[in-house]
Structure formats: structure tokens, C-alpha cells
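Colleague: Take a look at the following structure, please.
The values are calculated or read from the model by the stated rules, or taken from the named source; none is laboratory data. On a predicted model such as this, the values are computed, not experimentally measured, just so you know. Here the Cβ positions follow ideal geometry from the backbone for every residue, glycine too, while neighbour counts run over all protein chains shown.
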Amino acid sequence: MLKLSNNFYLIALFKMKKRIFMMLMGVALITTVSSFSTIGGDPIKIGVYGPFSGGSAPMGLSMRNGVRLATAEINAAGGVLGRKIELVERDDEAKNERGGQIMQELLFKEDVSGILGPVNTGVADASTKYSNDRKVPQIINVSAGAKVNDLFATNPDNYIFRIAANDYVQSEMIIREALQKRKFKKPALLCDDTNYGQGGRAKLESALAKRGIKAVSVGKFKLKDTDMTAQLQEAKNAGADVLLVYGIGPELAAVANNLEKIAWKVQIIGGWTLSMSNFINNAGKNGNGATMPQTFIENGVTSSKGSKFLAAYEATYKEKNIPVAVAAAQGYDSMYLMKMAIEQAGTTEGPKIKAALENFKKGYTGVTGTYKKPFSATDHEAIHEVNIIMGVVKDGIVVPPNK
Amino acid sequence: MEQFIQLLISGIAQGMIYSLVAFGYNITFSTSRSFNFSHGNFLMLGGVVGLIFFINNQVPFLAMVLAVVFVGLIMGLILYKTSIEPSLKSKSNYAWILATLAFGIILKNIVEVFWSTDDFRFDSPLGNAPIRIMGIGVLPQEILIIIVAICIVVAVESFKKYTIFGKAIVAVSEDKHTASLMGINQQFVILFSFLLSSVIACLAGVLVAPITMVGATMGTVLGVKAYAVSIIGGLESGYGVLLGGLIIGLSEAFTARYISTGYKDAPGFLILILVLLFLPSGIFGKKIFKKV
Amino acid sequence: MKKIIYGILLLLPFLLPQMVDNPYYIQGILCRIIVYAMLVASLDLIVGYIGDVSIGHAGFFAIGAYAVGILTSTQELNSDSSMTWFPHIPFFVALFIGVLLTALAGFILGFPALRLSGPYLAVVTIAYGLLIYTIINEQEYLTNGTKGISLEPIEVFGVKFGGSNYLYIVYPFLIMVMYVIHNLTKSYWGRAFEAIKYSEVAASSCGISKSYYKIWAFVISAGIAGLAGGFFSQLDAYVAPNTFSYNFSVEFLIALIVGGVQSILGNILGASVMVIFPDLFTKFNDYRLIIFGFSLLLVLFFMPKGLAGFVNLIKKRFTKKKDGHYIEALIERASAVKLFDELKENNDQVAVQLKDLTMRFGGLVAVNELNMTIKKGTVHGLIGPNGSGKSTTVNLLTGIYPPAGGKVQLFGKSIIAESTYKRAKLGIARTFQNLQLFSDMTALQNVMVGMHNSFTSNLFSICFNLPKSQKEEKNVETKAFAWLQFVGLEDIAFTEAKNLSYGQARLLEIARALASNPSLLLLDEPAAGLTAGEIEKINILINKIKESGISVLLIEHHMDMVMAVSDEVTVLDFGKKIAEGTPNQIQNNPTVITAYLGTHETSFH
């Protein structure tokens, strides 16, 4: 009995070997063909990485779409330095260790001239050192918590830039909105337990401490949590009059929905992620009034550049509402900043592009705003408080505050 | 007091969600000593199919449920044919784990690529406004989940106890060899258990969707917690699942409130380890004397 | 010659950092594979050798990584962090501390593993991993919480090992880990693991303490995982808790199974798949994971033993079995072996004394106040209809069941408090009615498991294959072979037990039992299912065993056989002794005849 099945397995195996061989041949063929197709134009390679699968994928995909859109426009207009831009896209799955590996691949195997991304703070912190070692400029276009200017301390020759509202700016604006503008007295913090949420919590706490205030309660929730009753009760019991949140869309929606369940009407103010469509849609009417710092408001676009971007996005990706409009806009602008820096440098050498980024000559008007000199030798943050407006959720969209 | 009851109800509702998912592990474990490690992804599929039919295309609720059941059956069959049957034949202790995990990876990414990576709102047919009784808010969907979870467990357990086919399932779970001597088609019983388990998972997906939202990752965490729930109660006991769900659900709610939100999951898992140290087959598990 | 080639192959990677001028391939890929291979190998100890599924190894990995992270990092690298304690000690000291801590964690997990198995243990490992994760996540002042710790590159004597040269640090450790695991699993420890995995009862009857070996396995496995974790922290010079999630454990389980369990090659292949596949599959872009899933299913279908199993299958076609010289030498050495050791001097003329022994299963009284005496150096028959309590008596004697009441004495000493493996050490050996051979081991290895207690090498000398343990292994192998000769199975010494015929398997069980040098041998239906000729062989064996001075308890349904070889016979019915005496007396006892007439089991001729 046993013998028989063993034989059977052997026969099946050798039959299969042929098939496996054919399959392997097929894969090899595809690989060679696709690698051939890249040779020819000698394009400039730009690496893009972020989470394109898993829970953070909406942010990663919107960002990638923004980058792709800008690249297509640039290439249609003749490229940079007479060369086309080729994107090398890698999915980091929001895993730190994948981020490190991908960066090594992009920098040393693909030999990219610049890098855009990532989304997740942990991924960024695990991987930005490779850009610095290789002296290839990287523009972080979503992650708010990643270390950028902090890196100067240990690494004066810093190649990491950012076009996204960082946590210092965000937390400062959130606190100002809550305490100065709306005159709340007793803030409660509720943050997710990711790198992003906890980094934000720390910065909110220090921004409060500067004003001599301590949060009445500090709560935490995990990704995919849907029951926030306990955390909200704690905040309510502590007498909070405003809820400062730091997390991403789906869990923030659960917070808003649970507020209704325990019948507590309280103002929500939080990070830019409150503008993610999966917050707005899932919270429905419970999300109304939620306020967040924004670099780009889809429904508040006044510039021609902004409306052109929106039209192009809708035409290309057939999505009426961008899942994460901020990420898409920042992705789009990051690509243009990189392009203009390469143009100004006149070369794809890392140090020269970096120098160009730090000393922008032309100025750039993008979707997220106008940047005369986005970066300097000591400040690698493009977004400052002046670039930010507070957005408010209103019936399924984010609107500028006075609308 | 009011808050305490509110927590209690939230904990129970969350626990019943876990139970509902956990029950799927029990059904197949008792017949085949294996289960679908990607059970959470089946739940996700149910939620996604439900959303596409019910919310996006406004198909009547009952028709949507039928469609979900149908998808559950098909997926159960594919899972059985591609992953379970070959693994059980290969006599390896781990093949089924790998096979069902691989199946889950495929399923989740098909949904991500061909549908969406985003999370979507699934409006409860019973309405989204909480019912308020003396200041305590309960979502109608939560009440439905509690009722359905209990009903499904009772129904399946009575089915096992009172029908011929149900008895055949119990027979296979207790002694495969003797059962096959008695003329019970063991393969069919196992197939049936996988079909039942995946249909329940898909229905659970629709049921929990208004609470958890629908997205490709909605089942991942649920799947793991439900696994713990099914073990606490004892993998071979249907009612144990309900108890396990309550233990985990309530411990989470009360820990988050009174100890620390960061340590929310910890007591549940500590209880799990303690229970198993003293009752190695779970609370309602049978003690087995090994015959030598 | 072969060894030299292997040696050169092993040293080859040391040249790579000079030859390949691309840190992506060396540090990004190769070092990662090396670190992950260590983790997969540690998981293999539990999953492959012990047979328990662990989905919590990410926890061990995390302890190792965090020990190094916390102990070696500096304040400057972690500006704006919640951490307050930066001991900043050298890497290797931190690594050592990490390994110790992780081993301790493994020790703690070992205890639930003693009582649990299968999906029950798997869930405990998950819980364990999640608890470790939660603690790391929450103890911000120690670990900086979710924000993670940035590290500086290792510096040894002023040389920084941050790039491709990191290979010089990790590769020697991989070789060491694999060498230790190889030696361990090929030794009597490895056979003990395998025995426990296949049958805990049979293992303990061979004198193997399940607790001892299982806990050690968890300690060693955890220690190696911690070592791998320590090295991991240096790969990207950054650790954060979200790496060490449930999914991470699952991925490594996948890597292990895909690579193939119980194989160093398999571990390395599995780790390579995990590191290389994502980069290789980027061509498929967003469809990457779907294709990955399908490849997993394909591997499972066509290579049920993983990639390494497939490689071995091909290798087997080109290599012969054991070469003749080896067997000749073995036969030569075996001829000088004296089989039956001097029995320990015992003035006591009674081998076993049972007093009022009782056992209940629920309401059923399986053995009811049984009194029985086995005299030293005799063969004692124990007969009775099915369900009369014979096998239960054996299980009570060997300590598999705890009795409800009564006493068991071996050579005048009460052994009621001793566990099964201790009783085996005290000189009780047994065979099983339902064969309990270790089916994936060869006949010879089965007998060597029986000789478990004659090994004295310690763990250290085994792990590094010191001359002492080599010599001991060789001696035991020789003697085991002699035991096979004794029962007439020397021709199938290198055949796996699962491929033996029924008669051969019965004889092998006797050989395995005898190999433990017992003073009391319990034969539980040794002739069941055998032909007349085979039964005759067993009769002769029993007589030889008796001549050597070993006392025998024989349970049998073949009355001819019992009557022929027994000095004394006890008859059980419904758990009660109904008769006792010489074979002659029993055959003429009217109570016995009545008890047997009701059944068609056996008839007197």
C-alpha cells in the first residue's frame, strides 16, 4: 500500500518535472523579454516604494498614482535632460525589513538616481540610511513621522527630504486649533499603536507641555480594532472636551462611530489622515466636523494646477474621489521636485541633485502649494505651517474651514 | 454602572463575532484534524461579495445572502480540492497548514488587485443608529450578531446530535477507522464539514461587515483571535466556542478600560495559556486516554 | 576527498565580499538569507524534530533583536526617544546576553509544550509571541515602543562591519549553528526527539524523559532564534516591534515547510525563497503575491517534502545505500560484543509484586484488586479473554496509567511514584500490542533508541561531535547491530521501520526492548498476527532471554505458546484474577474453562 503510493508519487513527479521545466522556461522568457524592453532609451531611473498591498495600501497606491501621473506628464513633455524617466516601483508591504532590502535593491542593483516614498514611518526609519550611504537623494512624500531633519545630528550630509506635513508641524497645528482657536481646555489623546500614531502622540504631548497643559487621558488602539468603547469611556470620564486623534482612516472611523454609540458629542481634531476617504466614508455623518491639517484639499482646489491634476487623475485612474488625495498630491509634487532638481543639476549625480534641491532656483508651483525654495541646506522639510490649511469633514468631503 | 453595562455589551458583541468565526475551525477540526488557517480570508470574501451585491448593486438582502452562501460553497469546494484533500493524502503533519495559508494569500491578493485595497462602509439593513436603553447604546447589528452566533452554534450542535448525517460526522471525528467500517463515507463527511465551515465564514463576513467595515484585510486579525477562542473552549465543542468568545471579548473590553489600552489583548492570551495548562483540551474538551 | 570539497565550498562565501562589489547581493540578500536561515533552523528543531507547530518564533527573534538593540544603541542615534537607558556595551556581549534571555524564554514556553500538542500548542505559541510583542510595544522606557531603535554598525577592533563585510560576522555563526544542529540531531538526542515525536509512550518506555528533552529542545531552539534576532537587528541597523508580528512567524513557518523539514539544506533554501522571491517576482508587480501563493501550492503538490526533499530524491537516484565496507566492519565489530550484561545482583527472588492493584476508567473497573508475583528469572504468562485487563496491567506496571489503588514493587522496591521513563531506567522494558516502532528510523536506529540510557556524553560534547561522543555512538551502534543479529534481523538493519513486514516489526520491538538491558521484560502479545513458523522463532527467543536471567511477563492469546514457555500462568477475567498456577494446573481449572467458553477467541487443544 505504502510502496504503491510512493511509486505513484514518483511517476507523477517525473511527469510534472517536464511541466515545471516548461513553466520555468516561460518565466525565464518573460524575464528576458521584459529586461530587453528597458534597454534602448537610457532613461533616468527613479525608485518608488510604499505599501501597495495590505492595510496601508490605499495610501501607497494613491501616492504611486500621483507619482505615475507626474512621470507620464514629464515624459510626454520630453523628459528630463533629454532622457525619459523610468519608475522602479517596489511594494514594501509596510514591513520595515522589506523596506531595507528594497532600498538596497533600488540603490545598488537598479542604480536609481532618486527615490520617492515611503508611506510608513517604520519602513522609512529602517531604510533611509541606505540613501545616505549611497548619496542618492530621497524625497519622502507621505510618512509624517520619519526622521528627516533629525538625521542632521548624526549625519550632516543628509540626503533625505520630505514633502509632507511632518509630525512637529501637524501636532503644533492641531494643538493650536484645539486650544487657541477653539478654546478647548481638556484634550484627550487617542492614537493607534503604530510608529506613526505613537510618534504623533509623543509630539502632541510635547506641544501640549509647551503650553503647560497635560492631556486628561491618553488612549491607544490597534490596527483593525473596531470596538473603541473602552478608550472613549476613559476619555469621557476624564472630562475631556476635545479628542485629539492620530491614526489612519478605518480605525478613526471606528472611533467616530463608537462616539455615537456611547452618545458622546465631542470635537475630533487629528492628523491629516482624517481626510482619507476610508475615514470619511466609513464614519458617514459621525465624521462631520472632524478637523485636520491639510496640504491639499480635493474639494477646495482653487489653483489651475490643482484642478488640472484632479482632472488628469480622474481620467487616468477612473476614480472620482481619490482614496487618499493628500498622498496622491504629495506624490505628484515630489516627482516634479525631483525632476526639477535633476534639471537644475544637469546631471544624475546624487550630490549635485541634493545641492540643487537645497538651493532651488526656479521655484515650483505644485498641487500642494507654491514653493519658492522648498528646501535649504539645514531644512529638508518642504511643508511648513504656512503651507497648511485646516480642513473640516462635511457631508462626505473635506472642505476648507470657512466654507 | 451605566458604563460597566455598556462595556459588558460591547465585550459580548465583540466576543460573539469571534465565536462566529471560531466556529468554523471547530467544524472541520473534529472531522479532519485540520482547519483552514485562512479562515479569516473566507470571512473577508463573504463581506466583499455581500458588499458588491447588497450595497453597490442594490440586490435584495435575501438574494445577496444566497449569493454569499453560493460563493461560500464554491470556495469551500475549491479549498477542499486544491488544499485539503491533497494535504490529507500526503500524510504530512504540516501540509494542510501551508496549503490553507497559501490559499489565503492568493485569495486576499486577488481581492486586493481586482477589487480594492480600501475599506468600505457596509450599512446595516437594520440601520446604523444605536438603540438606546437607559443611556446604553447598542447597535441593532450587534444584537443580530449575538442572536445569529448562538443560533448557528445551537443549530449545528443539534444537527450533529439528532440527525443521522450529523451522527456520522461525530462518528468520523471520534474514530475514523471504525466509522468507515460502518459504511460512512469519510471523505464526504470531511468535504461537507469544509463546505459548512466556509459557508458559515462567508455569512459571518456579511454579518460583521457593518461593524468591521469591508476590506481585504478585515479577516486577518479576526482569524487569529477566533483561533484562540476556538481553542479556549475546546476544539471539539460547539458551545465551548461561545464561552471562549465571551472570555476573550470581555477581557479585551475590560482590560482596555480599567488596565491599559495598550495591553488590551494580553489578559485574554494569558487566560488562554492558563486554561490550557490545566485543561489541555480546552474548557469543554474531552480528556483522552491514549490506548496503547 | 569529499570532505575537502565540502570544506572549500564552505569557505567560498568568505571570498564573496571581495569578488562581488555590490552590497545588495552580499548584505542585502546573502546576509539576510544567513540570518533568516538560522531562524528557520531553530524553528525546524521544534517543528521538524520535535513535531510541534510553533507560530511564535517571531517572539524569540524579537527578544534577541531587542537585547542587542537596547544594549548597544546610543542616545545620539535615538534623539527624541522615550528610552532612558543606553548601556552601549560591545555587540558580542549584548548578543550573548540576548541568547541567554531568549533561551530563558524558551524554557518558559517548554512547559506548556509538555502537556499540549498540535493546534493547542500552536495557539499557545501564538499567544506567547503576541505577549512578547505587546511587552516590547508597551515598555517604552526600555524599548522606545513602536518608534523602534536605531543602531550603529558593529565595530570590532576599530573596523566597522556595516556593509558587505557584515558577512564575515554572520557567516561563521551560520556554519556553527548548522554544525551544532547537525550533530545534535544525528546523536542520541536527535533520536530521542524523533522518538518523542513519533510515540511519547514508546519513547518513555525506552527510558527517554519527555520533559527533559522537550524543554531542552525549546531552550536550544529559542537560543538560536535569539542569536538570529541579534544579527537581524544589525541588518538594517533598526528594530521596531511591528516586524515581529504574527505574520512574521507564519512566514517563517512557510519558509520552513517549503524548504523541507529536518534538513539543513531545506532551511537554507526556505530562507532563500523568503528573501529572494519578493525581489524576483517584482516583474509581476501587483500580482506578485498571487503568483507566490500559487507557487506554494505547486511546491506542496509536487514536492510534499519541500525543496530539500526534492533534492534528496534526485540525489538518492545517484547514490547507493550504505556501502558494503561499512556493514562488513560493523559485523566484524559486532562479533566481539557480549550481549547480556551481568544482571544487577539482586538477592530478592521476587522480580515483581503487585498488591491490590486497581484501575478504573470512568465507571469501568479494568483491573480489580489484582495480586500477582513474578518470580525472578521466570516466564510468567498472563492470559484472559479480550478486555479482561491484561494490557491495562502492563500499562500500570510501566506507569503509563496512574493506578486508582494498590502497590507495584520491583525487586522489593515500590515504584508506584516513578514515571514511565524512570521505570525503564530501573529495568522494565516492554513491547507493544499495537506496534510502536519509530517508523522513519531504520531498524538499527530503533534499537539504538532502546539503548538510550547507555549514553553518557553530555550536550556539549554532542553538539561539537567530540571524540568521546563519536566513540560512544560507534560502540552503541555495534551493540545495537548485535541485538539485531540476536533476533535475526541483521539483514534489514538499514531498512526504515515502516517498510518492515509484520513479523520483522514484532522481532524488532523485542530487540529494542532487550537493548535497554532490562531485568524485567513485558511482552504484550508478541505473537499476534504471526505465522506458526514465526511464533516458533519467538518461543526460542523467549527461552534464550529466560536463560540470561531476565524475568518475563508474557501476555498472549496463543495458548500453545503460553503453555509451552511459561513457568507460571495468571488468568484474568473482567479485571479479576480467577486462577493462577503452573500451565498444567491452569489447563485443568474449571473456572478458567468456563471463562473461556463464552468466547471464541481461543480454544484449548
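One line per residue, one yes/no per condition, for (1) at pLDDT 90 or above; (2) within 14 Å of chain A (Cβ to nearest Cβ):
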site: B:74; (1), (2): yes, no
site: B:91; (1), (2): no, yes
site: B:105; (1), (2): yes, yes
site: B:127; (1), (2): no, yes
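Colleague: Going by the structure shown, is residue C:140 within 10 Å of chain B (Cβ to nearest Cβ) and more than 27 Å from residue C:42 (Cα to Cα)?
Modeller: Yes, satisfied.
Colleague: Just checking, does the range C:196-217 include any residue being of a type in the set (D, E, K, R), more than 12 Å from every other protein chain (Cβ to nearest Cβ) and in contact with a Ser or Thr (Cβ under 7 Å, 6 or more places away or on another chain)?
Modeller: Looking only at the range C:196-217, we keep the residues that are of a type in the set (D, E, K, R), and these are C:197, C:200, C:210, C:214.
Next, from what is left, pick out any that are more than 12 Å from every other protein chain (Cβ to nearest Cβ): C:210, C:214.
Those still in the list that are in contact with a Ser or Thr (Cβ under 7 Å, 6 or more places away or on another chain) too: C:210.
Yes, the range C:196-217 contains a residue that is of a type in the set (D, E, K, R), more than 12 Å from every other protein chain (Cβ to nearest Cβ) and in contact with a Ser or Thr (Cβ under 7 Å, 6 or more places away or on another chain).
Colleague: Only one of these is crowded, with 24+ Cβ neighbours inside 10 Å and assigned by TED's automatic domain parsing to the domain that holds residue A:138: A:69, A:87, A:106. Name it.
Modeller: After applying the criteria, what remains is A:106.
Colleague: Select from the range C:389-440 the residues that are more than 30 Å from residue C:186 (Cβ to Cβ) and polar (S, T, N, Q) and list them in ascending order.
Modeller: Listed by number, the residues that qualify are C:391, C:392, C:393, C:395, C:409, C:414, C:433.
Colleague: What pairs can you find where one residue is in the range C:108-133 and facing chain B (nearest Cβ under 7 Å) and under 18 Å from residue C:62 (Cα atoms), the other is outside any helix (DSSP H, G or I) and of a type in the set (Val, Ile, Thr), and their Cβ atoms are less than 6 Å apart, with a gap of 6+ or different chains?
Modeller: Final answer for the pair search is C:126/C:55.
Colleague: Here's a follow-up. Say we look at the range C:441-458 and pick out the residues that are over 18 Å from residue C:502 (Cβ atoms) and not hydrophobic (A, V, I, L, M, F, W, C); which of these is surrounded by the most Cβ atoms within 10 Å (Cβ to Cβ)?
Modeller: Here the answer is C:450.
Colleague: With the condition being within 29 Å of residue C:73 (Cβ to Cβ), modelled with pLDDT under 95 and not assigned by TED's automatic domain parsing to the domain that holds residue C:463, I'd like the helices (runs of 4 or more DSSP H) fully within the range C:154-210 carrying at least 1 qualifying residues. Let's see the steps before the verdict.
Modeller: Working: elements: C:166-186, C:188-198, C:200-205.
It comes to C:166-186.
So that you can scan it fast, the table gives a plain yes or no per residue for (1) within 11 Å of chain B (Cβ to nearest Cβ); (2) within 24 Å of residue A:100 (Cβ to Cβ); (3) in contact (Cβ under 8 Å) with a residue 40 or more places away in the chain:
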position	(1), (2), (3)
C:245	yes, yes, yes
C:248	no, yes, yes
C:254	yes, yes, yes
C:280	no, yes, no
C:283	no, yes, no
C:292	yes, yes, no
C:298	yes, no, no
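Colleague: To continue, here is another question. Need a quick list: helices (runs of 4 or more DSSP H) entirely within the range A:253-350 having at least 2 residues that are modelled with pLDDT of 95 or more, within 30 Å of residue A:131 (Cβ to Cβ) and in contact with a helix residue (DSSP H, G or I) (Cβ under 8 Å, 6 or more places away or on another chain). Break it down into steps so the answer makes sense when it comes.
Modeller: On the way: elements: A:277-283, A:304-317, A:325-345.
Here the list reads A:325-345.
Colleague: Is there a residue in the range B:63-82 that is small (Gly, Ala, Ser), surrounded by fewer than 22 Cβ atoms within 10 Å (Cβ to Cβ) and closer than 18 Å to residue C:254 by Cα?
Modeller: no
Colleague: Quick one: which of A:318, A:308, A:354, A:361 is surrounded by 15 or more Cβ atoms within 10 Å (Cβ to Cβ) and more than 20 Å from the chain's Cα centre (by Cα)?
Modeller: Of A:318, A:308, A:354, A:361, the one residue that is surrounded by 15 or more Cβ atoms within 10 Å (Cβ to Cβ) and more than 20 Å from the chain's Cα centre (by Cα) is A:354.
Colleague: Here are A:98, A:83: which of them is more than 27 Å from residue C:243 (Cβ to Cβ), touching a Pro at 6+ places or on another chain (Cβ under 9 Å), away from chain B (no Cβ under 14 Å) and of a type in the set (Lys, Arg)?
Modeller: Working: A:98 fails: more than 27 Å from residue C:243 (Cβ to Cβ).
The conditions single out A:83.
Colleague: Residue A:180 is checked against (1) within 11 Å of another protein chain (Cβ to nearest Cβ); (2) surrounded by fewer than 23 Cβ atoms within 10 Å (Cβ to Cβ) and fails just one. What number does that condition carry?
Modeller: Every condition holds for residue A:180 apart from (1).
Colleague: What number of residues within the range B:111-135 are outside any loop (DSSP other than H, G, I, E, B) and touching a Leu at 6+ places or on another chain (Cβ under 9 Å)?
Modeller: So the count comes out to 5.
Colleague: Could you please tell me which pairs satisfy a Cβ distance under 7 Å, a separation of 6+ or placement on different chains, a first residue in the range A:349-365 that is on the phi < 0 side of the Ramachandran plot, and a second residue that is part of a loop (DSSP other than H, G, I, E, B) and of a type in the set (A, V, I, L, M)?
Modeller: Taking only residues 6 or more apart or on different chains, the pairs are A:350/A:136; A:358/A:377.
Colleague: Same structure again: Does residue B:230 count as closer than 27 Å to residue B:36 by Cβ and surrounded by fewer than 24 Cβ atoms within 10 Å (Cβ to Cβ)?
Modeller: So residue B:230 does not fit the description; no.
Colleague: Another one. With respect to the numbered conditions (1) more than 26 Å from residue B:229 (Cβ to Cβ); (2) more than 21 Å from the chain's Cα centre (by Cα); (3) in contact (Cβ under 8 Å) with a residue 24 or more places away in the chain, which one is the sole condition not fulfilled by residue B:88?
Modeller: Among (1) more than 26 Å from residue B:229 (Cβ to Cβ); (2) more than 21 Å from the chain's Cα centre (by Cα); (3) in contact (Cβ under 8 Å) with a residue 24 or more places away in the chain, residue B:88 violates only (1).
Quick grid of which residues meet (1) touching a strand residue (DSSP E or B) at 6+ places or on another chain (Cβ under 6 Å); (2) outside any helix (DSSP H, G or I):
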position: C:340; (1), (2): no, yes
position: C:358; (1), (2): yes, yes
position: C:366; (1), (2): yes, yes
position: C:417; (1), (2): no, yes
position: C:425; (1), (2): no, no
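Colleague: Based on this model, can you work out whether residue B:35 counts as in a helix (DSSP H, G or I), within 13 Å of the chain's Cα centre (by Cα), over 20 Å from residue B:126 (Cβ atoms) and of a type in the set (Phe, Trp, Tyr)?
Modeller: Working: in a helix (DSSP H, G or I): no; within 13 Å of the chain's Cα centre (by Cα): yes; over 20 Å from residue B:126 (Cβ atoms): yes; of a type in the set (Phe, Trp, Tyr): yes.
No: the conditions fail for residue B:35.
Colleague: Among C:465, C:499, C:517, C:543, which is loosely packed, with under 15 Cβ neighbours inside 10 Å and either in the same structural domain as residue C:568 (by TED's automatic domain parsing) or not acidic (Asp, Glu) (or both)?
Modeller: Answer to the check: C:543.
Colleague: Then there is this: In contact with a helix residue (DSSP H, G or I) (Cβ under 8 Å, 6 or more places away or on another chain) and more than 14 Å from chain A (Cβ to nearest Cβ) - does that describe any residue in the range C:18-29?
Modeller: No - not one qualifying residue is present in the range C:18-29.
Colleague: Please verify whether residue C:295 is hydroxyl-bearing (Ser, Thr, Tyr) and within 28 Å of the chain's Cα centre (by Cα), treating the condition exactly as stated.
Modeller: The answer is no for residue C:295.
Colleague: If you don't mind, there's one more thing I want to ask. Taking the condition of being among the hydroxyl-bearing types (Ser, Thr, Tyr) and more than 14 Å from every other protein chain (Cβ to nearest Cβ), how many residues in the range C:30-55 meet it?
Modeller: Qualifying residue count for the region: 1.
Colleague: When you check residue A:260 against the structure, is it among the acidic types (Asp, Glu), within 29 Å of residue A:199 (Cβ to Cβ) and in contact (Cβ under 8 Å) with a residue 40 or more places away in the chain, yes or no?
Modeller: no
Colleague: Next question, about the same structure. Got at least one residue in the range B:44-58 being assigned to a loop (DSSP other than H, G, I, E, B), away from chain A (no Cβ under 13 Å) and surrounded by fewer than 24 Cβ atoms within 10 Å (Cβ to Cβ)?
Modeller: yes
Colleague: Name every residue in the range B:233-254 that is at pLDDT below 90 and surrounded by fewer than 20 Cβ atoms within 10 Å (Cβ to Cβ), in order of residue number.
Modeller: The answer is B:236, B:239.
Colleague: Turning to a different aspect of this structure: State whether one or more residues within the range B:255-274 are crowded, with 24+ Cβ neighbours inside 10 Å, within 14 Å of chain A (Cβ to nearest Cβ) and within 17 Å of the chain's Cα centre (by Cα).
Modeller: no
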